[in-house]
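The values are calculated or read from the model by the stated rules, or taken from the named source; none is laboratory data. Source: prediction; values computed, not measured. Here the Cβ positions follow ideal geometry from the backbone for every residue, glycine too, while neighbour counts run over all protein chains shown. Accessible surface areas use protein heavy atoms only, side chains included; no ligands, DNA or RNA. Shrake-Rupley method; radii C 1.70, N 1.55, O 1.52, S 1.80 Å.
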There are 2 protein chains.
Amino acid sequence: MIDQDAACCPGLASAPLDDGRAAELAKVFKALGDPVRLRLLSMIASRGEGGQGGEVCVCELTPAFALSQPTISHHLKLLRQAGLIDCERRGTWVYYWVLPGVLDSLAGFLTTPQAAGVTA
Amino acid sequence: MIDQDAACCPGLASAPLDDGRAAELAKVFKALGDPVRLRLLSMIASRGEGGQGGEVCVCELTPAFALSQPTISHHLKLLRQAGLIDCERRGTWVYYWVLPGVLDSLAGFLTTPQAAGVTA
């Protein structure tokens, strides 16, 4: 859903976005547009060395919120549908991790040509 | 609303976000979570050298959409309330520009420590 290679597509500030790409990216930003989901994603993304590669049991996520487990699971499902995280059930629990490259790809999309050192 | 200096605050993948910052940033991502607003922001951000510094008349934005001017103005208002753009009325028209640094600051927030070259 998000292009893994940030260099493949023009950034937000490089050229006007076309309809299709705007629709795709809006889904991802919409998933990020909620404080609970942002905190969940941050808890997952900050696990492990270098901020990626770690995985978190849903049993560690739920206690950080004053919300029911079904509500937390629903927010995690929206993050998964947006292509930001993935999960696997092992025994009783489900484990979540951030899909490699998606956060940096999204960051690359927002970075202006000025900051990226490209002169337009 | 968004910290101008990306280095001031931990990124999404550096440490779990606190409540207050999650609420602030969720507002910004929510503003980006709509295809029309993303296209409007891209049209404004891609104006001018290096992808920043340009400004766009609302009269140039509206014809790109099959939407009424009040609808476009409403979307622009949400982008402005999120601290992404600002505007000024001059004569008949309103002119919009992207606030300096906000896109790169947001990109910095999403960049993982791995991609930023920091070993956690």
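Counting only helices (runs of 4 or more DSSP H) that sit completely within the stretch A:13-112, zero hold 3 or more residues that are over 24 Å from B:L32 (Cβ atoms) and within 13 Å of another protein chain (Cβ to nearest Cβ).
Checked against (1) within 12 Å of chain A (Cβ to nearest Cβ); (2) open to solvent by 50 Å² or more (accessible area, probe 1.4 Å); (3) touching a residue at least 24 places away in the same chain (Cβ under 8 Å), B:A115 passes all but a single condition, namely (3). Of the residues in the stretch B:40-54, none is modelled with pLDDT of 95 or more, on the phi < 0 side of the Ramachandran plot and basic (K, R). Within the stretch B:16-73, the residues that satisfy the criterion of being within 30 Å of A:A66 (Cα to Cα) and either in contact (Cβ under 8 Å) with a residue 60 or more places away in the chain or open to solvent by 30 Å² or more (accessible area, probe 1.4 Å) (or both) are B:P16, B:D18, B:D19, B:G20, B:R21, B:A23, B:E24, B:L25, B:K27, B:V28, B:K30, B:D34. Taking the criterion of being of a type outside the set (V, I, T) and within 12 Å of the chain's Cα centre (by Cα), the residues of the stretch B:97-120 that qualify are B:W97, B:L99, B:P100, B:G101, B:L103, B:D104, B:S105, B:L106, B:A107.
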